[in-house]
Amino acid sequence: MAVGPDGLTHQQRKMNSQLKCDNFMRQFRDDESRELKKLTANQFMEVWSHYDADGNGYIEGSELDGFLKEFVSSVNANDAAPDSVSDAMLAELKQCFMEAYDDNQDGKIEIRELAQLLPMEENFLLLFRFDNPLESSVEFMKIWKAYDRDNSGYIEADELKNFLRDLLKEAKKDQDVSEDKLIEYTDTMLQVFDANKDGKLQLSEMAKLLPVKENFLCRSVFKGASKLTKEDIERVFALYDRDNNGTIENEELNGFLKDLLELVKKDYDARDLQEFQDAIMRGCDFNKDGKINKKELTMILLALAKHGADDAIPAAPGIAANNPLAEIATIGIKALKFQKMRVRHFVNRTLGTNSTS
């Protein structure tokens, strides 16, 4: 078979060409230096969509293996075959990679974690790196209300563009981003975070774009733990009572209920949150002032902590039966069977003894 000036047969050149096409990461490397080029917003989206094959918002399992193999083997201009990376090499590579980039240690790579690895346009990269991460969902709800200017319950494309513009302006005070770039960034962010592809972001989708440091209610002490101390309750109350006025209200209440809802519902919108708020407040807002005070918060946390108790309680509207939130949302029905003094005595006793029974 004839050999060409490059020392390869036609069949070998054809195979190499096919291998290049099969290795998705090769197209993003410089032909000379073999270093990764800076990716545009659209190119980054291409990479993410390619490896997040099931569209669940993570690169994990076989997806992660495929990415790591192609990421490494794409350095070589000719040997692009992913199977050139041995199983032993892949295991070591994955361990090092996850230690370096899996910030929340969940064994998966989120889009924000991938953004730390791949070189990107500086402005676009800033959208994934916030100098001051949100302390709680209270701050998130304030931002949500500020940009949902038509009160539609969604962040639409123009509202998202305004948010991204302000975010970049805050990060880079000395430089404006062009309108064309803002449109590109907005379109890309919608492609990444708009899971149901309706052209706008609902609450749970925006929460992935703008995450808080921690959902405090996910801690084990609030999920079936045997004891709930006075300090635990004080800590939660201080987290949500941001203005220190002695009640959890407005965005504080929205933030608290958002965190509570996230314990059982992955995808939710503003209407889900409002219906959930109505159910919770019917059961737990004993003085009917539309706010949560420390005693009422205690009742909610007690119900959450003692989930799985012997007596079943009917589910509140929109919440599945046998769910801890079913008990929380309807706990007021039980409480109303007692005289007000007995309820107050129960709460005070709980706060005083530092434990639940």
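Rg and Dmax, both from the Cα atoms of the stretch 127-248 and both in Å, are 17.4, 56.
Pairwise alpha-carbon distances in the stretch 248-291 exceed 16 Å for 30% of all pairs. Computed from the alpha carbon positions, the gyration tensor of the stretch 193-248 leads to an equivalent ellipsoid with semi-axes of 30, 16, 8 Å, biggest first. Once both labels are modelled 7 Å past Cα along the beta-carbon direction, what's the Thr40-Asn162 spacing in nm? Modelled inter-label distance: 2.8 nm.
Here the stretch 33-76 yields Rg over Rh of 1.00, to two decimals, using C-alpha coordinates and the Kirkwood radius. Across all directions, the average projected area of the convex hull around the alpha carbons of the stretch 174-302 is 10.6 nm². Between Asp150 and Ala100, the simple spin-label model (points 7 angstrom out along Cα→Cβ) gives 4.5 nm.
Three semi-axes describe the equivalent ellipsoid of the stretch 228-272; taken as square roots of 5 times the Cα gyration tensor eigenvalues and ordered largest first, they are 22, 15, 6 Å. Close amide H pairs (under 5 Å, H built 1.01 Å from N) link Leu134 with Lys213, residues at least 5 positions away or on another chain.
Global size of the stretch 161-203: 11.5, 36 Å for Rg and Dmax (C-alpha atoms, Rg to one decimal, Dmax whole).
Treating only the Cα positions of the stretch 83-180 as identical point scatterers, give the base-10 log of I(q)/I(0) from the Debye formula at each q in 0.20, 0.25 Å⁻¹. Each listed q maps to, in turn, -1.13, -1.36. Past the 27 Å Cα-Cα mark, which pairs from Lys265/Lys294; Lys266/Lys288; Lys142/Lys295? Where the Cα-Cα span goes over 27 Å, the pairs concerned are Lys266/Lys288. Put a plus charge on the Cβ of each Lys and Arg, a minus charge on the Cβ of each Asp and Glu, and nothing anywhere else: the dipole of the stretch 142-251 about its Cα centre is then about 580 debye.
Each reported figure results from applying straightforward, stated rules to the coordinates on display, with no laboratory input. Quantities reported herein were computed from a predicted structural model and do not represent experimental measurements. Ideal geometry is used to build each Cβ from the backbone, glycine not excepted, and the neighbour counts take in all protein chains shown.
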